[in-house]
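Below: one structure, written as structure tokens.
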Amino acid sequence: MRFPRLPVFLISIFVGCGSVHTDNAHADEFLIEQSFLRTNIDNRAVRLEALIVKSATATEKLPIALITHGKPAALSDMLNWKASDYAGPARDLAKRGWLAVVVMRRGFGQSDGPQPSPVSCGSTSFVERANADADDLQAAYDAIATRPDADPERAIAIGGSAGGVAVVSLAARNPKYLRGVVSVSGGLRMVDCPKENELVKLFAEYGAASRVPNLWVYAKNDSFFGPELVTRMHAGFLDGGGDVKLVHYDKLGEDGHDMFMSAVGRLRWLTEMDAFLRFRKLPATPRGERVSELMKLLKFDRNQRGFLENYLAAPTYKAMAQAPEGKVWVQYGAGASNTVRKSALDGCRARFKISEPCRLVMENDVWIGAEPQDGAGEP
């Protein structure tokens, strides 16, 4: 889905995923914990690195959103990854009303290792590896479910690449608490031996077992999992009786496999996820009266409603700047709110070639209606 290209609208995409602690000006919008989950897996105490994010204004128990990563091409990079790398998707879920929990699986980042059940070119099945990853997610859920701010009866799991397989594997266990899973560019692959038949077989087995709703999102220019392979995986899962919706974009960026973390990619899968969640009466980006209220403030007509709905679904940090004559400039996916504020103001003046300053009208999903100011400065 694209933002509508309307005469009074222009869009710029700011790509970035920085540290969650780079923005002191708006640090209170989210409560962020860099933590370790003390778990028990296979009768062994295991420490899993985690990042826990929620809205600072939340007072009720929040449903749990588990978020997990893929794997690097070079196994030597596994320890270099960290939970804070995924602060962007965590904020995106937190602002929708979830207790967002980034889980680093065993062998990655600062989580205990080694990685369980590694696969090689000699492996004939991915089942043991995928099940071990699901063990990590289950253990993380068990630890989070005891928190006083968590609603243990409602949870979803979201994963990219190898993490997509992990969430599908968890869903195949049909845990009572799991309301749905979102797999973005999901799959397992080794550079020297792709093992496509084994991957198709894995999804067929999980489809036969799983009754948890799945959402799969891919791009046809994915360098790891191309259209023919995705079609085979999807068919295998469906043939087994699995509940899955497949969204397959024609092209996304230079490599569609980057969808999980890129700004434009996050916009795509977050939008699809919102529809998936709304259908199941789970927290998602607000629409309805909220959109109507903002349209009045911005003096938008009804043809511009879709633009605003897409802005609200777009990844954090984001900002909207408005020129004096009413045109708007949007930037999203930045690592810090002070960065995106300045970029939106500077971009607005530069694109519309105006001497008058633009004004910030929205930061993330909040109307601020700031007075016009110099685009080079802070609001």
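Exactly one of these conditions fails for Phe300: (1) in contact with a Leu (Cβ under 9 Å, 6 or more places away or on another chain); (2) in contact (Cβ under 8 Å) with a residue 12 or more places away in the chain; (3) surrounded by fewer than 23 Cβ atoms within 10 Å (Cβ to Cβ); (4) farther than 25 Å from Ala155 by Cα. Give me its number.
The number of the failed condition is (2).
Being over 22 Å from Val46 (Cα atoms), of a type outside the set (A, V, I, L, M) and at pLDDT below 95 narrows it down to one of Ser125, Ser185, so name that one.
Ser125 is the lone residue from the list that is over 22 Å from Val46 (Cα atoms), of a type outside the set (A, V, I, L, M) and at pLDDT below 95.
Here's a check for you: in the stretch 44-76, which residue that is charged (D, E, K, R) and part of a strand (DSSP E or B) is nearest to Gly109 (Cα to Cα)?
Glu49
Taking the stated definitions as given, is Glu198 acidic (Asp, Glu), touching a Phe, Trp or Tyr at 6+ places or on another chain (Cβ under 6 Å) and surrounded by fewer than 20 Cβ atoms within 10 Å (Cβ to Cβ)? Don't jump to the end; show me each part of the working.
Values: acidic (Asp, Glu): yes; touching a Phe, Trp or Tyr at 6+ places or on another chain (Cβ under 6 Å): yes; surrounded by fewer than 20 Cβ atoms within 10 Å (Cβ to Cβ): yes.
For Glu198, the condition - acidic (Asp, Glu), touching a Phe, Trp or Tyr at 6+ places or on another chain (Cβ under 6 Å) and surrounded by fewer than 20 Cβ atoms within 10 Å (Cβ to Cβ) - is met.
It is to be established whether one or more residues within the stretch 85-106 are of a type outside the set (Val, Ile, Thr), in contact (Cβ under 8 Å) with a residue 24 or more places away in the chain and farther than 30 Å from Asp274 by Cα.
No, there is no match, as no residue in the stretch 85-106 is of a type outside the set (Val, Ile, Thr), in contact (Cβ under 8 Å) with a residue 24 or more places away in the chain and farther than 30 Å from Asp274 by Cα.
Answer yes if at least one residue in the stretch 31-43 is in a loop (DSSP other than H, G, I, E, B), under 30 Å from Pro116 (Cβ atoms) and at pLDDT 50 or above, and no otherwise.
Within the stretch 31-43, one or more residues are in a loop (DSSP other than H, G, I, E, B), under 30 Å from Pro116 (Cβ atoms) and at pLDDT 50 or above.
Output the residues belonging to the stretch 325-340 that are part of a loop (DSSP other than H, G, I, E, B) and more than 21 Å from the chain's Cα centre (by Cα).
Those that are part of a loop (DSSP other than H, G, I, E, B) and more than 21 Å from the chain's Cα centre (by Cα): Glu325, Gly326, Lys327.
The values are calculated or read from the model by the stated rules, or taken from the named source; none is laboratory data. Just so it is clear, the structure is predicted and the values come from calculations on it, not from any experiment. Quick reminder, even Gly has a Cβ in these numbers, built from the backbone with ideal geometry, and neighbours come from all protein chains shown.
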